[in-house]
1. Check Asp48 against each of (1) of a type in the set (D, E, K, R); (2) over 30 Å from Glu151 (Cα atoms); (3) buried (at least 21 other Cβ atoms within 10 Å of the Cβ) and name the one condition it does not meet.
2. Please give the number of the condition Leu234 fails out of (1) aliphatic (A, V, I, L, M); (2) within 12 Å of ligand 1 (Cβ to nearest atom); (3) in contact with a helix residue (DSSP H, G or I) (Cβ under 6 Å, 6 or more places away or on another chain); (4) open to solvent by 40 Å² or more (accessible area, probe 1.4 Å).
3. Quick one: which of Thr93, Thr118, Thr137 is open to solvent by less than 20 Å² (accessible area, probe 1.4 Å), of a type in the set (Ser, Thr, Tyr) and either closer than 30 Å to Val364 by Cα or away from ligand 2 (no atom under 15 Å from the Cβ) (or both)?
4. Starting from residues that are within 13 Å of ligand 2 (Cβ to nearest atom) and out of contact with any Ser or Thr (no Cβ under 8 Å at 6 or more places or on another chain), keep the ones in segment 304-335 and report whichever is most open to solvent (accessible area, probe 1.4 Å).
5. For segment 269-324, name all the residues that are within 16 Å of ligand 1 (Cβ to nearest atom), more than 26 Å from Gly67 (Cβ to Cβ) and small (Gly, Ala, Ser).
6. If a residue counts only when it is away from ligand 2 (no atom under 16 Å from the Cβ), which strands (runs of 3 or more DSSP E) contained entirely in segment 33-88 have at least 3 such residues?
7. Checking Ala279 against (1) touching a Leu at 6+ places or on another chain (Cβ under 8 Å); (2) among the small types (Gly, Ala, Ser); (3) open to solvent by 10 Å² or more (accessible area, probe 1.4 Å), only one condition comes out false. Which one?
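The values are calculated or read from the model by the stated rules, or taken from the named source; none is laboratory data. All of these numbers come straight from a predicted model, not from anything done at the bench. Reconstructed Cβ throughout: ideal geometry from the backbone, glycine too, with neighbour counts over all protein chains shown. Ligands, DNA and RNA are stripped out before the accessible areas are found, and what is left, the full protein with its side chains, is counted by its heavy atoms. Shrake-Rupley method; radii C 1.70, N 1.55, O 1.52, S 1.80 Å.
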Amino acid sequence: MWDTLFLNAEVATMAEGGAPYGLIHDAAIGVKDGVIAYVGPVGDISADIGDLAREVHDVSGDLVTPGLIDCHTHLVWAGDRSGEFEARLLGKTYAEIAKAGGGIMATVAATREADEETLFDAAMTRLQDFLAEGVTTIEVKSGYGLDTETELKILRVARALEDEDHVRVRTTFLGAHAMPPEFKSADAYIDHICNDMLPATKEEGLVDAVDGFCETIGFSPEQIERVLAAAASLGIPVKLHAEQLSDQGGAKLAAQYKALSVDHLEYLAADDAAALADAGTVAVLLPGAYYYLRETQKPPVDALRDAGVKMAVATDCNPGTSPMTSLLLSANMACTFFGLTAEEALAGITRNGAKALGLEDCGVIEIGKRADLAIWDAKRPAELVASIGQNPLIARIFGGAICP
Ligand code: DI6
Ligand code: FE
């Protein structure tokens, strides 16, 4: 007997191939032990519905999708960067502010100061916005500590969010985000990351993936490669912030390390798309940062699509370049700014978001996957990405449980 049965749903399974959005009309979803035990037309169920499940919920024709997945956030930070927003409006660039000691370093200073409880409360407040919009899995990066103690603190806070609420958190170590002020040479800091910080975070069991910032204002491809190699030698999957502000060849480099994802990609050369496709590396698009920095260079979406690269969409939620907590809005922006189809955008925050995290048990509604679902006051999947600032969520189901 199933635990729960959802009846009369318009189900966008988001399974690949087949109908657009993997749509099934008049569908039922059966859940047992937190896992999907049945998905298909109600009419295909031969048994008496009442005998099938302990609890039956009539969804009355509403839309059900996989729970949303935000595969790129920097959710845990302290401090305020609104002054930089003001400065940029008066003509300063992001790179200029970073070089003058603002930017990431401003958040690092505030985050080092903050205790774990303060960081947790701030991150939890942000997290609630994501959950209210149907997010069931969220990735959280470190990178605002840049010393072992603070990086561990951030990752611990991120994991504690998972213990406290009905959500799955994947943690990514982003030690190679910026140069900490106490280091004189970037190479010495990279040594410290590879020899001390990364092993320490791994030892505490706090890393699901390793990331870096490959950029003129971040780290060179040679420096990043040492981090990727160190991660690989510890058996940890890698991701990379690549080609956000300039073309450094970071995406191709990460693909050589079979990266789960390369993220941003505004300056990716169209020719590099093939390398991502070959490696099975997901292209994560972050239109919130593009918007907030008022960039004009767009990622080569046509080339990515033509090469068969899977595209995910995420918020990049962070205080400096994308202070945004709405994954639906980033999906909308991926359509309007970058030219994704509505179906690609929705796949980007479900199926391909899971792939960008190396998760195979979520992101689509299929038998055997986790019962992480979102029920919407909508009839068509495109409604979710077509509106701005509306939140049609009716209920969030996490591991089969209807969340309060
Ligand atoms: N790229 C980004 O957009 C964020 N980090 C990165 O490497 C920005 C982080 C910040 O400005 O605080
Ligand atoms: Fe980022």
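1. The number of the failed condition is (3).
2. For Leu234, the exception is condition (2).
3. Thr137 is the lone residue from the list that is open to solvent by less than 20 Å² (accessible area, probe 1.4 Å), of a type in the set (Ser, Thr, Tyr) and either closer than 30 Å to Val364 by Cα or away from ligand 2 (no atom under 15 Å from the Cβ) (or both).
4. Per the criteria, the residue is Pro323.
5. Passing the criteria: only Gly320.
6. 35-41, 53-58, 63-66
7. All conditions pass for Ala279, except number (1).
Yes/no matrix, rows are residues, columns are (1) more than 26 Å from the chain's Cα centre (by Cα); (2) not aromatic (Phe, Trp, Tyr):
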| position | (1), (2) |
| --- | --- |
| Asp70 | no, yes |
| Trp77 | no, no |
| Asp80 | no, yes |
| Glu84 | no, yes |
| Leu89 | yes, yes |
| Lys92 | yes, yes |
